[in-house]
Amino acid sequence: MKNPVSLPESNALKNLPSIDALLQTETAAQNLENLGLPHLTNLAREAVAEVRRRMQTDFSKNIENSSKEELLSTTEKTLLKLIRQEENLKIRRVINATGVIIHTNLGRAPLPEAARQAIFEEASRYCTLEYDSETGKRGKRGSYAEKLLAELTGAEDALIVNNCAAACILVLNALAAGGEAILSRGEMVEIGGDFRIPDVMEQSGAILREVGATNKTRVSDYEKALSEKTRLILKVHPSNYRIIGFAETPSIKELVALARRHDVLVYEDAGSGALLDLSEFGLKDEPVISESVRAGADVVTFSGDKLLGGVQSGLIVGKQGIITKLRKHPLYRALRADKLIYAALEATLKHYRLQQYAEIPVWQMLSLSAQEIERKTESFLKSFLEKADVECGLQAEIIAGKSVIGGGSAPAVQPTTALLALTHPNLSATHLENYLRNCEPPVITRIIEDKVMLDFRTIFPDEEPALLKILLEFCAKNY
Ligand SMILES: *Cc1c(COP(=O)(O)O)cnc(C)c1O
(Lines give C-alpha, C1' and ligand atoms only; values in the text may rest on other atoms or scores of the structure.)
Protein backbone atom coordinates (compact mmCIF):
# COMPACT_ATOMS: atom_id res chain seq x y z
CA MET A 1 0.00 0.00 0.00
CA LYS A 2 1.15 3.47 -0.82
CA ASN A 3 1.58 5.85 1.98
CA PRO A 4 1.64 9.58 1.27
CA VAL A 5 4.04 10.20 4.13
CA SER A 6 6.66 7.75 2.86
CA LEU A 7 6.44 9.09 -0.67
CA PRO A 8 9.82 10.37 -1.83
CA GLU A 9 8.23 13.79 -1.89
CA SER A 10 11.06 15.84 -3.17
CA ASN A 11 11.45 13.56 -6.19
CA ALA A 12 7.86 13.46 -7.35
CA LEU A 13 6.81 16.96 -6.37
CA LYS A 14 9.86 18.60 -7.86
CA ASN A 15 8.42 17.67 -11.28
CA LEU A 16 5.47 20.00 -10.66
CA PRO A 17 5.60 23.01 -12.99
CA SER A 18 6.57 26.41 -11.63
CA ILE A 19 3.97 29.18 -11.72
CA ASP A 20 6.09 30.85 -14.40
CA ALA A 21 6.07 27.72 -16.56
CA LEU A 22 2.30 27.47 -16.21
CA LEU A 23 1.92 31.13 -17.17
CA GLN A 24 3.82 30.33 -20.41
CA THR A 25 1.23 27.75 -21.51
CA GLU A 26 -1.29 28.32 -24.26
CA THR A 27 -4.21 28.25 -21.80
CA ALA A 28 -2.62 31.05 -19.81
CA ALA A 29 -1.80 33.08 -22.92
CA GLN A 30 -5.35 32.79 -24.22
CA ASN A 31 -6.83 34.03 -20.94
CA LEU A 32 -4.30 36.69 -20.00
CA GLU A 33 -6.22 39.59 -21.48
CA ASN A 34 -9.57 38.56 -20.06
CA LEU A 35 -8.38 37.77 -16.53
CA GLY A 36 -5.38 40.06 -16.05
CA LEU A 37 -1.98 38.87 -14.86
CA PRO A 38 -2.57 39.16 -11.08
CA HIS A 39 -5.73 37.04 -11.15
CA LEU A 40 -4.33 34.58 -13.68
CA THR A 41 -1.29 34.14 -11.41
CA ASN A 42 -3.60 33.39 -8.46
CA LEU A 43 -5.47 30.79 -10.50
CA ALA A 44 -2.15 29.28 -11.65
CA ARG A 45 -1.07 28.95 -7.99
CA GLU A 46 -4.40 27.33 -7.19
CA ALA A 47 -3.97 24.89 -10.11
CA VAL A 48 -0.47 23.86 -8.98
CA ALA A 49 -1.70 23.46 -5.40
CA GLU A 50 -4.59 21.31 -6.57
CA VAL A 51 -2.34 18.99 -8.60
CA ARG A 52 0.10 18.77 -5.67
CA ARG A 53 -2.78 17.79 -3.40
CA ARG A 54 -3.91 15.12 -5.84
CA MET A 55 -0.36 13.72 -6.04
CA GLN A 56 -0.32 13.40 -2.28
CA THR A 57 -3.78 11.96 -1.81
CA ASP A 58 -5.18 10.39 -4.98
CA PHE A 59 -3.11 7.43 -6.14
CA SER A 60 -5.74 5.96 -8.45
CA LYS A 61 -4.41 7.72 -11.53
CA ASN A 62 -0.75 7.31 -10.71
CA ILE A 63 -0.07 11.00 -11.21
CA GLU A 64 2.62 10.96 -8.56
CA ASN A 65 4.82 9.12 -11.08
CA SER A 66 4.19 11.54 -13.94
CA SER A 67 6.99 13.09 -15.90
CA LYS A 68 7.63 16.82 -15.89
CA GLU A 69 5.83 17.22 -19.24
CA GLU A 70 2.83 15.19 -18.14
CA LEU A 71 2.52 17.23 -14.97
CA LEU A 72 2.66 20.49 -16.89
CA SER A 73 -0.15 19.27 -19.12
CA THR A 74 -2.20 18.06 -16.11
CA THR A 75 -1.72 21.40 -14.37
CA GLU A 76 -2.64 23.32 -17.52
CA LYS A 77 -5.87 21.32 -17.74
CA THR A 78 -6.55 22.08 -14.09
CA LEU A 79 -5.98 25.77 -14.76
CA LEU A 80 -8.45 25.65 -17.63
CA LYS A 81 -10.98 23.92 -15.39
CA LEU A 82 -10.60 26.64 -12.73
CA ILE A 83 -10.99 29.38 -15.35
CA ARG A 84 -14.14 27.73 -16.72
CA GLN A 85 -15.62 27.22 -13.26
CA GLU A 86 -15.25 30.90 -12.55
CA GLU A 87 -16.67 31.93 -15.93
CA ASN A 88 -19.69 29.75 -15.23
CA LEU A 89 -20.52 31.89 -12.19
CA LYS A 90 -21.19 34.85 -14.44
CA ILE A 91 -24.67 35.76 -15.57
CA ARG A 92 -24.85 34.54 -19.14
CA ARG A 93 -27.64 34.42 -21.66
CA VAL A 94 -29.12 30.94 -22.08
CA ILE A 95 -31.58 29.39 -24.48
CA ASN A 96 -34.52 28.20 -22.41
CA ALA A 97 -35.79 25.09 -24.18
CA THR A 98 -37.52 23.76 -21.07
CA GLY A 99 -40.97 25.11 -21.87
CA VAL A 100 -41.14 26.57 -18.36
CA ILE A 101 -42.25 30.12 -19.12
CA ILE A 102 -41.48 31.79 -15.78
CA HIS A 103 -38.37 29.80 -14.95
CA THR A 104 -37.18 30.91 -11.51
CA ASN A 105 -33.63 29.62 -11.98
CA LEU A 106 -33.38 31.21 -15.43
CA GLY A 107 -34.46 34.67 -14.29
CA ARG A 108 -38.26 34.36 -14.27
CA ALA A 109 -39.93 36.53 -16.94
CA PRO A 110 -37.99 37.40 -20.11
CA LEU A 111 -38.37 41.14 -20.74
CA PRO A 112 -40.28 42.80 -23.55
CA GLU A 113 -37.98 44.29 -26.18
CA ALA A 114 -39.08 47.82 -25.18
CA ALA A 115 -38.09 47.14 -21.58
CA ARG A 116 -34.63 45.97 -22.66
CA GLN A 117 -34.27 49.11 -24.77
CA ALA A 118 -35.45 51.35 -21.93
CA ILE A 119 -32.89 49.90 -19.53
CA PHE A 120 -30.13 50.49 -22.05
CA GLU A 121 -31.21 53.77 -23.67
CA GLU A 122 -32.98 55.66 -20.89
CA ALA A 123 -31.71 54.46 -17.55
CA SER A 124 -28.18 53.15 -17.90
CA ARG A 125 -26.49 56.58 -17.88
CA TYR A 126 -27.88 59.72 -16.17
CA CYS A 127 -31.64 59.89 -16.16
CA THR A 128 -34.61 61.72 -14.65
CA LEU A 129 -34.89 59.27 -11.74
CA GLU A 130 -35.70 61.98 -9.21
CA TYR A 131 -35.66 65.03 -11.44
CA ASP A 132 -38.35 67.08 -13.08
CA SER A 133 -36.81 68.35 -16.32
CA GLU A 134 -39.58 70.92 -16.78
CA THR A 135 -39.00 72.78 -13.52
CA GLY A 136 -35.42 71.70 -12.85
CA LYS A 137 -36.54 70.71 -9.37
CA ARG A 138 -36.43 67.40 -7.60
CA GLY A 139 -38.98 64.90 -8.89
CA LYS A 140 -40.57 61.85 -7.29
CA ARG A 141 -38.88 58.58 -8.20
CA GLY A 142 -41.01 56.04 -9.96
CA SER A 143 -43.85 58.47 -10.71
CA TYR A 144 -44.63 57.25 -14.21
CA ALA A 145 -44.53 53.52 -13.43
CA GLU A 146 -46.64 54.10 -10.32
CA LYS A 147 -49.14 56.15 -12.30
CA LEU A 148 -49.43 53.37 -14.89
CA LEU A 149 -49.85 50.77 -12.15
CA ALA A 150 -52.64 52.71 -10.47
CA GLU A 151 -54.35 53.26 -13.81
CA LEU A 152 -54.12 49.60 -14.86
CA THR A 153 -55.42 48.24 -11.56
CA GLY A 154 -57.98 50.96 -10.80
CA ALA A 155 -56.20 51.70 -7.52
CA GLU A 156 -55.85 55.17 -6.01
CA ASP A 157 -52.06 54.97 -5.81
CA ALA A 158 -49.10 52.60 -6.18
CA LEU A 159 -45.60 52.07 -4.86
CA ILE A 160 -42.70 49.98 -6.15
CA VAL A 161 -40.08 48.09 -4.14
CA ASN A 162 -37.49 45.41 -4.89
CA ASN A 163 -39.66 42.30 -4.90
CA CYS A 164 -42.94 41.02 -3.56
CA ALA A 165 -41.27 39.70 -0.40
CA ALA A 166 -40.06 43.24 0.33
CA ALA A 167 -43.55 44.55 -0.39
CA CYS A 168 -45.05 42.10 2.16
CA ILE A 169 -42.56 43.09 4.83
CA LEU A 170 -43.15 46.78 4.22
CA VAL A 171 -46.95 46.48 4.29
CA LEU A 172 -47.06 44.28 7.39
CA ASN A 173 -44.52 46.42 9.18
CA ALA A 174 -46.18 49.72 8.38
CA LEU A 175 -49.75 48.59 8.94
CA ALA A 176 -49.71 45.78 11.49
CA ALA A 177 -46.56 45.93 13.65
CA GLY A 178 -47.47 45.62 17.29
CA GLY A 179 -50.94 44.37 16.41
CA GLU A 180 -52.50 41.25 14.97
CA ALA A 181 -52.96 40.14 11.39
CA ILE A 182 -55.54 37.44 10.81
CA LEU A 183 -54.68 34.71 8.29
CA SER A 184 -56.37 31.47 7.28
CA ARG A 185 -54.51 28.25 8.09
CA GLY A 186 -54.98 27.34 4.42
CA GLU A 187 -52.82 30.31 3.41
CA MET A 188 -49.77 29.89 5.65
CA VAL A 189 -47.66 29.26 2.60
CA GLU A 190 -44.04 28.91 1.68
CA ILE A 191 -43.20 30.36 -1.71
CA GLY A 192 -39.95 29.10 -3.19
CA GLY A 193 -36.79 29.22 -1.14
CA ASP A 194 -36.99 31.19 2.03
CA PHE A 195 -40.25 33.10 1.80
CA ARG A 196 -42.66 31.78 4.42
CA ILE A 197 -45.62 33.88 5.44
CA PRO A 198 -45.38 33.07 9.19
CA ASP A 199 -41.66 33.98 9.22
CA VAL A 200 -42.24 37.19 7.28
CA MET A 201 -44.97 38.06 9.73
CA GLU A 202 -42.64 37.52 12.67
CA GLN A 203 -39.97 39.71 11.07
CA SER A 204 -42.49 42.48 10.48
CA GLY A 205 -43.40 42.69 14.14
CA ALA A 206 -47.02 41.77 13.49
CA ILE A 207 -48.61 38.94 15.44
CA LEU A 208 -50.03 36.16 13.33
CA ARG A 209 -53.54 35.16 14.32
CA GLU A 210 -54.34 31.87 12.55
CA VAL A 211 -57.93 30.96 11.85
CA GLY A 212 -59.88 28.14 10.25
CA ALA A 213 -58.62 24.82 8.98
CA THR A 214 -56.21 23.97 6.17
CA ASN A 215 -58.99 23.26 3.69
CA LYS A 216 -61.86 25.36 5.04
CA THR A 217 -61.98 28.83 6.51
CA ARG A 218 -65.25 30.74 6.81
CA VAL A 219 -66.02 34.43 7.35
CA SER A 220 -67.22 33.51 10.85
CA ASP A 221 -63.71 32.17 11.67
CA TYR A 222 -62.24 35.58 10.87
CA GLU A 223 -65.02 37.32 12.75
CA LYS A 224 -64.37 35.33 15.94
CA ALA A 225 -60.68 36.26 15.82
CA LEU A 226 -61.30 40.01 15.51
CA SER A 227 -60.40 42.05 18.57
CA GLU A 228 -59.13 45.51 19.44
CA LYS A 229 -55.63 44.18 18.67
CA THR A 230 -56.53 43.36 15.05
CA ARG A 231 -54.92 45.63 12.48
CA LEU A 232 -55.68 43.79 9.30
CA ILE A 233 -57.05 40.71 7.62
CA LEU A 234 -54.47 39.14 5.34
CA LYS A 235 -55.28 37.05 2.31
CA VAL A 236 -52.39 35.24 0.67
CA HIS A 237 -52.64 33.62 -2.72
CA PRO A 238 -51.36 30.04 -2.35
CA SER A 239 -49.48 30.47 -5.68
CA ASN A 240 -47.55 27.25 -6.03
CA TYR A 241 -50.11 24.77 -4.75
CA ARG A 242 -53.84 24.20 -4.75
CA ILE A 243 -56.21 22.68 -2.25
CA ILE A 244 -58.75 20.79 -4.30
CA GLY A 245 -61.88 18.95 -3.21
CA PHE A 246 -63.58 19.82 0.08
CA ALA A 247 -62.26 23.35 0.34
CA GLU A 248 -63.64 26.80 0.96
CA THR A 249 -62.30 30.25 1.60
CA PRO A 250 -64.09 33.62 1.67
CA SER A 251 -63.75 36.04 -1.23
CA ILE A 252 -62.00 39.39 -0.86
CA LYS A 253 -65.43 41.02 -1.08
CA GLU A 254 -66.71 39.08 1.92
CA LEU A 255 -63.58 39.86 3.91
CA VAL A 256 -63.86 43.54 3.00
CA ALA A 257 -67.47 43.62 4.22
CA LEU A 258 -66.38 42.09 7.53
CA ALA A 259 -63.37 44.40 7.86
CA ARG A 260 -65.47 47.52 7.24
CA ARG A 261 -67.80 46.59 10.11
CA HIS A 262 -64.83 46.32 12.47
CA ASP A 263 -62.69 49.13 11.13
CA VAL A 264 -59.70 46.98 10.15
CA LEU A 265 -57.83 46.77 6.83
CA VAL A 266 -57.80 44.05 4.19
CA TYR A 267 -54.43 43.26 2.63
CA GLU A 268 -54.08 40.75 -0.21
CA ASP A 269 -50.71 39.29 -1.17
CA ALA A 270 -51.60 38.18 -4.69
CA GLY A 271 -48.15 36.93 -5.73
CA SER A 272 -48.38 36.35 -9.47
CA GLY A 273 -49.83 39.70 -10.38
CA ALA A 274 -52.11 39.16 -13.32
CA LEU A 275 -53.15 42.49 -14.79
CA LEU A 276 -55.73 40.97 -17.08
CA ASP A 277 -58.28 38.24 -16.96
CA LEU A 278 -56.50 35.03 -17.68
CA SER A 279 -59.40 32.67 -18.09
CA GLU A 280 -58.95 32.57 -21.86
CA PHE A 281 -55.49 31.12 -21.19
CA GLY A 282 -57.02 28.53 -18.89
CA LEU A 283 -55.67 30.32 -15.79
CA LYS A 284 -58.85 30.60 -13.77
CA ASP A 285 -57.63 30.92 -10.23
CA GLU A 286 -54.95 33.55 -10.52
CA PRO A 287 -56.15 36.71 -8.78
CA VAL A 288 -56.64 39.63 -11.16
CA ILE A 289 -55.35 42.69 -9.33
CA SER A 290 -58.05 45.09 -10.57
CA GLU A 291 -60.72 42.70 -9.27
CA SER A 292 -59.20 42.70 -5.78
CA VAL A 293 -59.03 46.50 -5.88
CA ARG A 294 -62.62 46.74 -7.07
CA ALA A 295 -63.70 44.32 -4.34
CA GLY A 296 -62.37 46.86 -1.85
CA ALA A 297 -58.98 45.48 -0.73
CA ASP A 298 -57.12 48.32 0.99
CA VAL A 299 -53.74 47.20 -0.29
CA VAL A 300 -52.57 44.48 -2.72
CA THR A 301 -49.01 43.31 -3.37
CA PHE A 302 -47.69 41.26 -6.30
CA SER A 303 -44.50 40.45 -8.22
CA GLY A 304 -43.34 42.30 -11.31
CA ASP A 305 -41.56 39.30 -12.82
CA LYS A 306 -44.15 36.54 -12.65
CA LEU A 307 -47.32 36.67 -14.76
CA LEU A 308 -46.92 40.41 -15.23
CA GLY A 309 -43.92 39.56 -17.40
CA GLY A 310 -41.55 42.33 -16.33
CA VAL A 311 -38.56 42.80 -14.05
CA GLN A 312 -38.04 41.65 -10.47
CA SER A 313 -40.00 44.12 -8.38
CA GLY A 314 -42.63 44.25 -5.67
CA LEU A 315 -45.70 46.17 -6.75
CA ILE A 316 -48.02 47.66 -4.17
CA VAL A 317 -51.37 49.20 -5.07
CA GLY A 318 -54.06 50.52 -2.76
CA LYS A 319 -55.79 53.35 -1.03
CA GLN A 320 -54.12 56.76 -1.17
CA GLY A 321 -53.61 57.13 2.58
CA ILE A 322 -52.04 53.69 2.90
CA ILE A 323 -49.63 54.12 0.00
CA THR A 324 -48.58 57.52 1.39
CA LYS A 325 -47.90 55.90 4.74
CA LEU A 326 -45.82 53.17 3.07
CA ARG A 327 -43.88 55.73 1.04
CA LYS A 328 -42.95 57.63 4.19
CA HIS A 329 -41.99 54.51 6.16
CA PRO A 330 -38.24 54.24 6.92
CA LEU A 331 -38.18 50.68 5.52
CA TYR A 332 -39.22 52.00 2.09
CA ARG A 333 -35.86 53.75 1.78
CA ALA A 334 -34.13 50.39 2.22
CA LEU A 335 -36.44 48.51 -0.13
CA ARG A 336 -36.88 51.00 -2.97
CA ALA A 337 -36.10 49.96 -6.53
CA ASP A 338 -33.25 50.94 -8.81
CA LYS A 339 -33.53 53.17 -11.90
CA LEU A 340 -33.13 50.20 -14.26
CA ILE A 341 -36.21 48.63 -12.69
CA TYR A 342 -38.41 51.69 -13.19
CA ALA A 343 -37.31 52.00 -16.80
CA ALA A 344 -38.15 48.36 -17.53
CA LEU A 345 -41.44 48.48 -15.64
CA GLU A 346 -42.58 51.65 -17.40
CA ALA A 347 -42.01 50.04 -20.78
CA THR A 348 -43.74 46.80 -19.75
CA LEU A 349 -46.73 48.53 -18.18
CA LYS A 350 -47.09 50.74 -21.23
CA HIS A 351 -47.71 47.63 -23.32
CA TYR A 352 -50.58 46.83 -20.98
CA ARG A 353 -52.01 50.33 -21.38
CA LEU A 354 -51.91 49.93 -25.16
CA GLN A 355 -53.16 46.32 -24.88
CA GLN A 356 -50.09 45.13 -26.79
CA TYR A 357 -50.00 41.78 -25.04
CA ALA A 358 -48.10 40.11 -27.87
CA GLU A 359 -45.16 42.39 -27.06
CA ILE A 360 -44.87 40.82 -23.60
CA PRO A 361 -42.96 37.54 -24.03
CA VAL A 362 -44.73 35.77 -21.14
CA TRP A 363 -48.11 36.43 -22.78
CA GLN A 364 -46.86 35.76 -26.25
CA MET A 365 -45.51 32.37 -25.11
CA LEU A 366 -48.62 31.54 -23.11
CA SER A 367 -50.89 32.29 -26.04
CA LEU A 368 -49.11 29.96 -28.49
CA SER A 369 -51.24 26.95 -29.33
CA ALA A 370 -49.80 23.44 -29.52
CA GLN A 371 -50.38 23.59 -33.31
CA GLU A 372 -48.40 26.80 -33.66
CA ILE A 373 -45.54 25.35 -31.63
CA GLU A 374 -45.66 22.17 -33.70
CA ARG A 375 -45.31 24.25 -36.88
CA LYS A 376 -42.34 26.15 -35.42
CA THR A 377 -40.73 22.88 -34.38
CA GLU A 378 -41.36 21.25 -37.76
CA SER A 379 -39.77 24.10 -39.63
CA PHE A 380 -36.74 24.01 -37.33
CA LEU A 381 -36.44 20.25 -37.75
CA LYS A 382 -36.65 20.66 -41.52
CA SER A 383 -33.71 23.12 -41.57
CA PHE A 384 -31.77 20.79 -39.30
CA LEU A 385 -32.34 17.75 -41.51
CA GLU A 386 -31.42 19.74 -44.63
CA LYS A 387 -28.09 20.83 -43.18
CA ALA A 388 -27.12 17.89 -40.99
CA ASP A 389 -24.75 15.20 -42.22
CA VAL A 390 -26.61 12.01 -43.17
CA GLU A 391 -24.19 10.20 -40.87
CA CYS A 392 -25.31 12.28 -37.87
CA GLY A 393 -26.47 9.93 -35.12
CA LEU A 394 -28.81 12.46 -33.57
CA GLN A 395 -32.38 11.19 -33.86
CA ALA A 396 -35.12 13.81 -33.75
CA GLU A 397 -38.88 13.41 -33.65
CA ILE A 398 -41.76 15.67 -32.71
CA ILE A 399 -44.07 14.45 -29.95
CA ALA A 400 -46.92 15.91 -27.91
CA GLY A 401 -46.18 17.18 -24.41
CA LYS A 402 -46.85 19.84 -21.80
CA SER A 403 -45.31 23.21 -21.07
CA VAL A 404 -45.19 24.67 -17.56
CA ILE A 405 -46.10 28.19 -16.47
CA GLY A 406 -43.66 28.20 -13.55
CA GLY A 407 -42.70 30.85 -11.03
CA GLY A 408 -45.22 29.43 -8.60
CA SER A 409 -48.07 30.56 -10.86
CA ALA A 410 -51.02 28.39 -11.87
CA PRO A 411 -49.41 25.06 -10.89
CA ALA A 412 -52.41 23.09 -12.09
CA VAL A 413 -52.29 24.48 -15.63
CA GLN A 414 -49.99 22.81 -18.14
CA PRO A 415 -50.53 24.06 -21.69
CA THR A 416 -50.21 21.35 -24.33
CA THR A 417 -47.24 21.73 -26.60
CA ALA A 418 -45.12 19.97 -29.20
CA LEU A 419 -41.67 18.78 -28.15
CA LEU A 420 -38.60 18.10 -30.22
CA ALA A 421 -37.35 14.82 -28.74
CA LEU A 422 -33.66 14.07 -29.25
CA THR A 423 -31.92 10.74 -28.78
CA HIS A 424 -28.56 9.36 -29.81
CA PRO A 425 -27.58 5.70 -30.23
CA ASN A 426 -24.20 6.14 -28.49
CA LEU A 427 -25.03 8.77 -25.89
CA SER A 428 -27.41 8.72 -22.94
CA ALA A 429 -30.02 11.45 -22.55
CA THR A 430 -28.12 12.72 -19.51
CA HIS A 431 -24.97 13.01 -21.58
CA LEU A 432 -26.73 14.89 -24.37
CA GLU A 433 -28.50 17.19 -21.90
CA ASN A 434 -25.14 17.93 -20.29
CA TYR A 435 -23.55 18.60 -23.69
CA LEU A 436 -26.23 21.14 -24.64
CA ARG A 437 -26.03 22.83 -21.24
CA ASN A 438 -22.29 23.36 -21.76
CA CYS A 439 -22.58 25.00 -25.16
CA GLU A 440 -22.33 28.71 -25.85
CA PRO A 441 -24.98 29.87 -25.19
CA PRO A 442 -26.06 27.06 -22.87
CA VAL A 443 -29.19 25.28 -24.07
CA ILE A 444 -31.34 24.21 -21.12
CA THR A 445 -33.55 21.21 -21.81
CA ARG A 446 -35.67 18.65 -19.97
CA ILE A 447 -35.26 14.88 -19.99
CA ILE A 448 -38.46 12.89 -20.23
CA GLU A 449 -38.39 9.11 -20.63
CA ASP A 450 -34.72 9.04 -21.64
CA LYS A 451 -35.18 11.65 -24.33
CA VAL A 452 -33.87 15.20 -24.38
CA MET A 453 -36.86 17.47 -24.95
CA LEU A 454 -36.82 20.91 -26.53
CA ASP A 455 -39.98 22.99 -26.18
CA PHE A 456 -40.08 25.78 -28.75
CA ARG A 457 -42.67 27.66 -26.69
CA THR A 458 -39.87 29.31 -24.69
CA ILE A 459 -37.27 29.57 -27.47
CA PHE A 460 -37.25 33.02 -29.07
CA PRO A 461 -37.35 32.86 -32.89
CA ASP A 462 -34.11 34.86 -33.08
CA GLU A 463 -32.40 32.18 -30.97
CA GLU A 464 -33.13 29.43 -33.47
CA PRO A 465 -30.06 30.02 -35.68
CA ALA A 466 -27.77 29.66 -32.62
CA LEU A 467 -29.59 26.49 -31.58
CA LEU A 468 -29.33 25.08 -35.10
CA LYS A 469 -25.60 25.82 -35.15
CA ILE A 470 -25.13 24.04 -31.82
CA LEU A 471 -26.94 20.91 -33.04
CA LEU A 472 -25.00 20.90 -36.33
CA GLU A 473 -21.72 21.26 -34.46
CA PHE A 474 -22.74 18.36 -32.25
CA CYS A 475 -23.39 16.26 -35.38
CA ALA A 476 -20.00 17.16 -36.81
CA LYS A 477 -18.37 15.65 -33.73
CA ASN A 478 -19.54 12.17 -34.77
CA TYR A 479 -20.15 10.68 -31.34
C1 LIG B 1 -43.95 34.81 -5.35
C2 LIG B 1 -44.72 35.29 -4.21
C3 LIG B 1 -44.12 36.10 -3.23
C4 LIG B 1 -42.67 36.48 -3.32
O5 LIG B 1 -42.48 37.31 -4.42
P6 LIG B 1 -40.98 37.72 -4.88
O7 LIG B 1 -41.24 38.72 -5.95
O8 LIG B 1 -40.34 36.47 -5.33
O9 LIG B 1 -40.33 38.29 -3.68
C10 LIG B 1 -44.88 36.53 -2.18
N11 LIG B 1 -46.17 36.16 -2.07
C12 LIG B 1 -46.79 35.39 -2.97
C13 LIG B 1 -48.22 35.01 -2.76
C14 LIG B 1 -46.08 34.93 -4.08
O15 LIG B 1 -46.68 34.15 -5.00
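The values are calculated or read from the model by the stated rules, or taken from the named source; none is laboratory data. For clarity, every value in this text was computed on a predicted model and none was experimentally measured. Here Cβ is always computed from backbone atoms with ideal geometry, including for glycine, and neighbour counts include all displayed protein chains.
Of a type outside the set (A, V, I, L, M), within 16 Å of the ligand (Cβ to nearest atom) and either under 30 Å from GLY406 (Cβ atoms) or not in a helix (DSSP H, G or I) (or both): which single residue out of CYS168, CYS127 fits that description? I'd like the intermediate steps shown before the answer.
Numbers: CYS127 fails: within 16 Å of the ligand (Cβ to nearest atom).
Selected residue: CYS168, the only one of CYS168, CYS127 that is of a type outside the set (A, V, I, L, M), within 16 Å of the ligand (Cβ to nearest atom) and either under 30 Å from GLY406 (Cβ atoms) or not in a helix (DSSP H, G or I) (or both).
With respect to LEU308, is the statement that it is hydrophobic (A, V, I, L, M, F, W, C), crowded, with 22+ Cβ neighbours inside 10 Å, within 16 Å of the ligand (Cβ to nearest atom) and within 20 Å of ALA358 (Cα to Cα) true?
Values: hydrophobic (A, V, I, L, M, F, W, C): yes; crowded, with 22+ Cβ neighbours inside 10 Å: yes; within 16 Å of the ligand (Cβ to nearest atom): yes; within 20 Å of ALA358 (Cα to Cα): yes.
Criteria met by LEU308.
Taking the listed residues VAL299, VAL288, the one that is closer than 25 Å to LEU349 by Cβ, at pLDDT below 95 and either more than 16 Å from the ligand (Cβ to nearest atom) or among the hydrophobic types (A, V, I, L, M, F, W, C) (or both) is VAL288, with no other qualifying.
Please verify whether ILE373 is touching a Leu at 6+ places or on another chain (Cβ under 8 Å) and of a type outside the set (Phe, Trp, Tyr), treating the condition exactly as stated. It is false that ILE373 is touching a Leu at 6+ places or on another chain (Cβ under 8 Å) and of a type outside the set (Phe, Trp, Tyr). In the stretch 1-110, counting only helices (runs of 4 or more DSSP H) that sit wholly within it, the ones holding 1 or more residues that are under 41 Å from the mean Cα position of the chain (by Cα) and surrounded by 16 or more Cβ atoms within 10 Å (Cβ to Cβ) span 19-23, 26-35, 37-57, 68-87. Of the residues making up the stretch 381-430, those that are within 26 Å of the chain's Cα centre (by Cα), more than 30 Å from SER272 (Cα to Cα) and outside any strand (DSSP E or B) number 2.
Here ASP132 passes the criteria (1) surrounded by fewer than 20 Cβ atoms within 10 Å (Cβ to Cβ); (2) within 16 Å of the ligand (Cβ to nearest atom) except the one numbered (2). In the stretch 389-409, of all residues being buried (at least 18 other Cβ atoms within 10 Å of the Cβ) and farther than 30 Å from PRO238 by Cβ, the one that is farthest from the ligand (Cβ to nearest atom) corresponds to CYS392.
Name the single residue, out of those in the stretch 258-278 being in a loop (DSSP other than H, G, I, E, B) and not β-branched (Val, Ile, Thr), that is nearest to the ligand (Cβ to nearest atom).
Of everything passing the filter in the stretch 258-278, SER272 is nearest to the ligand (Cβ to nearest atom).
With respect to GLY393, determine if the residue is in contact with a His (Cβ under 6 Å, 6 or more places away or on another chain) and within 30 Å of ALA270 (Cβ to Cβ). It is false that GLY393 is in contact with a His (Cβ under 6 Å, 6 or more places away or on another chain) and within 30 Å of ALA270 (Cβ to Cβ).
Give ASP305, ASP221 a once-over and let me know the one that is among the acidic types (Asp, Glu) and outside any helix (DSSP H, G or I). Can you show your working first?
Working: ASP221 fails: outside any helix (DSSP H, G or I).
Among ASP305, ASP221, only ASP305 is among the acidic types (Asp, Glu) and outside any helix (DSSP H, G or I).
Of all residues in the stretch 145-153, none satisfies being at negative phi and not in a helix (DSSP H, G or I).
Out of the residues in the stretch 176-207 meeting the condition of being away from the ligand (no atom under 15 Å from the Cβ) and assigned to a strand (DSSP E or B), tell me which one is surrounded by the most Cβ atoms within 10 Å (Cβ to Cβ).
First, pick out the residues of the stretch 176-207 that are away from the ligand (no atom under 15 Å from the Cβ): 176-180, 182, 185, 202, 205-207.
Now restrict to residues that are assigned to a strand (DSSP E or B): 180, 182, 207.
Numbers: GLU180: 21, ILE182: 30, ILE207: 17.
Restricting to residues being away from the ligand (no atom under 15 Å from the Cβ) and assigned to a strand (DSSP E or B), the top hit is ILE182.
Collect the residues in the stretch 29-74 that are acidic (Asp, Glu), at pLDDT below 95 and in contact with a helix residue (DSSP H, G or I) (Cβ under 7 Å, 6 or more places away or on another chain), keeping them in residue-number order. Within the stretch 29-74, just GLU64 meets the criteria.
Hey, could you check the stretch 154-165 for residues that are within 16 Å of the ligand (Cβ to nearest atom) and either outside any loop (DSSP other than H, G, I, E, B) or at pLDDT below 95 (or both) and say which is farthest from LEU349 (Cα to Cα)? Break it down into steps so the answer makes sense when it comes.
Within the stretch 154-165, the subset within 16 Å of the ligand (Cβ to nearest atom) is 158-165.
Among the residues that remain, those that are also either outside any loop (DSSP other than H, G, I, E, B) or at pLDDT below 95 (or both) are: 158-161, 164-165.
Values: ALA158: 13, LEU159: 14, ILE160: 13, VAL161: 16, CYS164: 17, ALA165: 21 Å.
The qualifying residue farthest from LEU349 (Cα to Cα) is ALA165.
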